[in-house]
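Each value in this text was obtained by applying a stated rule to the coordinates, not by laboratory testing. Quick caveat: nothing in here was measured; it's all calculated off a predicted structure. Methodologically, a virtual Cβ is constructed for each residue, glycine included, from the backbone with ideal geometry; neighbour enumeration extends over all protein chains shown.
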């Protein structure tokens, strides 16, 4: 009995000590500092619906890229684009982009250390050394410019620290042959300069095994390298240079056929009648498929240079320069036949074709469409204050981008055999080119009058944007029957070469009234605008549809917010209520009977309303609790179909009504090891989407993640930690994406990742 009591005392004593230590400092929540408005300030005084994650939280959730955020941030929903899973479709408050063509911009701006990333392709790259992620919900048109109608995501990396030598190494192993390594070293070059090197590597097998040649669906290898240099040139002048390089090899996920396509007279239905004999249909996840043609990877390479200069002239004036150049190369490979044998394929692989029986059979080469893009941006900011009443920010932004998307020589999209004694092929070639120029002037002024005890803050922001867009498109598309003795067209060949050019401009405004109700309570009312540039649609099979293009879209939002801390800062409550409406919303209509053809029209009927709530508590020593919830009501009224001329029901593709996340983190010291034991668990829920569609609806799902770690173990001159973790612990088979435009299926499902288990070991020296 005494032995048990002694053991209990040995466990409780450290807990009591930690509780007393926490109580002695008030047991308060730590202040969260952000730079969402380009100056460091408390998140509690920033009139933006914000969700932030620091380095520790990112590590516990094993977040290294934007796609990992899906499900963790309410009202933020991220899809991997089905034709290229390294490409992301990002939605905030239901606002996003359904397609990812190079001529159409995202509605959510993504920034790496304040440098804008223009293309959604390759956006799932891993960042080697993240310090913080900030998700800004709602339009951010004044400070962040075009293409932030939904909001913005800011990735902030750790900067070098002069005068300090540090080394950090993490090694992770898990199921699905997971191997993960993160290395970071900070090297002081002098008391004013430092160099920081960071490397990330991850190799993991896919969840759908391929019994045929090539890789398996979902196989992924990622390598990322980052070099940062910091120089404190003086007490007031700081220079930061960074170079990052990433390479990703990914085998795109399969689109599993669920529902057979009904017979009909359109091309997809006819091909579907043939394809059904080669396709396995199942409403439940299939973990093993086979293909007798090599399954090839999508290869993505990204690199960038950035130079940030901050010059503090005095306490009232700071000058800032943000320069960035980035380059992207992407070679994509698509296989939507989902394990079918050679009788039916949807891919970019080779096909056999000849003009007649006497000709040598022509094998079309492997056609992996290649995207090459480069961009340059330059931003100048002036931040200052006038007395104690006025804070201001003014800036100039310049952006240039050019890109080429080359699907020549001849590409092969699908084939089906037999067809009237032969094989039907969709063959063609495609070349697209863009060149975009943009500039903007922006300003924001906050006035704190001497009335109401200086608790009232009035903000006015304005941004003027100019965009010049040029595009070139050359396309040949033909569907033919190869009958051995001859080749005959099945439908009329589509072939054209066209150029298009257009200029767009916009003025967006922000008006905010913020009131400090009490010392720890803030309320704000906000009106905000943002715009997304117009462009041209390269998915339109007609020259006129491409050249006419589509107009810019505008989003106007009204938001009421509350941010407060109660119980001597043991409880944090943040809430926002909003209503937002589109002008000239860019809607991508799928052309019936086609796989990838769309028409883009501007419609005026889209609007969203919702609530966002965040509760953070530290009820007792070592225990951290967080509840984040979002409700979203979206309306896209019945629209006149451009194809039938009748009213039809359409909906926003990624606007779940309910999303929420629960996080619990409990830590306490353990005497035998002299370390810190931590238990972390998160539960994330995403509601169903596209409820009025029988073929593209997605059921709601939830994910349970957990992590158990023992940290701060002193050994070999540094600190060690070991952590066991699991994601999707309940093994949910959830629908990450659905399609209704495949010849073999009126409904196909791309499943999300299954259960993942692993262990991480970390060593830190400083």
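Sorting the Cα pairs of segment 371-524 by distance into bins of 10 Å, from 0 upward, gives 9, 21, 17, 15, 13, 11, 8, 4, 1 percent per bin. For segment 421-461, the residues whose amide N sits under 19 Å from a probe point set 7 Å from the Cα of residue 486 along the beta carbon direction are 421-425. The mean sequence distance of close C-alpha pairs (under 8 Å, at least 6 residues apart), as a share of the length of segment 91-146, puts its relative contact order at 29 percent. Each label was represented as a point 7 Å from its Cα along the Cα-to-Cβ direction; for residue 55 and residue 577 these points are 4.0 nm apart. Structural size metrics of segment 665-766, computed from C-alpha coordinates, are Rg and Dmax of 20.5, 63 Å. On full extension, the segment bounded by residue 716 and residue 319 gains 138.5 nm, given 0.36 nm per residue less the C-alpha separation. Site pair residue 189 and residue 558 shows an inter-label distance of 5.4 nm when each label is modelled 7 Å from Cα along Cα→Cβ. Sorted from greatest to least, the principal axis extents spanned by the alpha carbons of segment 225-312 come out as 74, 28, 23 Å.
With only Cα atoms counted, segment 91-188 has Rg and Dmax values of 17.0, 48 Å. The stretch between residue 494 and residue 646, if pulled fully straight at 0.36 nm per residue, gains 52.0 nm over its current Cα-Cα span. Could you compute the FRET efficiency for residue 39 and residue 667, with r as their C-beta to C-beta distance and R0 at 41 Å, rounded to 0.05? Plugging the Cβ-Cβ distance into 1/(1 + (r/R0)^6) gives 0.80. Rounded to whole Å, the principal axis extents of the Cα atoms in the chain read 89, 68, 51, largest first. The Rg/Rh ratio for segment 677-735, using Cα coordinates for both the radius of gyration and the Kirkwood hydrodynamic radius, is 1.30. So if R0 is 30 Å, what FRET efficiency would residue 568 and residue 452 give, r being the distance between their Cβ atoms, rounded to the nearest 0.05? Taking R0 as 30 Å, the efficiency between residue 568 and residue 452 is 0.75. Simple spin-label estimate for residue 167 and residue 245 gives 2.3 nm between the two label positions (7 Å along the Cα-to-Cβ direction from each Cα).
Rg of the Cα atoms in segment 435-500, relative to 2.2 N^0.38 Å, amounts to 2.67.
Values of log10 I(q)/I(0) for segment 160-228 across q = 0.15, 0.28 Å⁻¹ run -0.60, -1.11, by the Debye formula with one identical scatterer at each alpha carbon and no solvent. Its DSSP H runs of at least 4 residues, each contributing -39,500 (n - 2.57), put the calculated 222 nm mean residue ellipticity of the chain at -2000 deg cm²/dmol, to the nearest 500.
Averaging 1/r over each pair of different alpha-carbon atoms in segment 147-187 and inverting the result gives 13.8 Å, the Kirkwood hydrodynamic radius. Note on segment 491-568: along the principal axes its Cα atoms extend 72, 27, 14 Å, ordered by decreasing extent.
Maximal additional length on extending the residue 396-residue 468 stretch stands at 24.3 nm, based on 0.36 nm per residue less the C-alpha distance.
Once C-alpha pairs closer than 8 Å and six or more residues apart are averaged by separation and normalised to the residue number of segment 554-708, the relative contact order reads 15 percent. Using a Förster radius of 45 Å, what is the FRET efficiency between residue 699 and residue 265 based on their Cβ-Cβ separation? Nearest 0.05, please. In this case the efficiency is close to 0.90. Given an 8 Å cut-off on Cα distances and at least 6 residues of separation, report the relative contact order of the chain as a percent. Answer for the chain is 12 percent.
Quick check: from the Cα gyration tensor, does segment 572-708 come out rounded (a/c under 1.5), prolate or oblate? Taking the square roots of the gyration eigenvalues as a ≥ b ≥ c, segment 572-708 is prolate. For the chain, the longest principal axis of the alpha carbon atoms and the long axis of helix 2-24 meet at an angle near 90°. Peptide packing: for 493-499, 135-141, the average count of neighbouring Cβ atoms within 10 Å per residue gives the ranking 135-141, 493-499, highest mean first. Here, P(r) means the percent of Cα pairs in each 5 Å bin from 0 to the largest distance; for segment 569-630 it is 4, 13, 13, 10, 10, 10, 8, 9, 7, 6, 5, 2, 0. Each part reduced to its alpha carbon centroid, segment 445-513 and segment 710-766 end up 34 Å apart.
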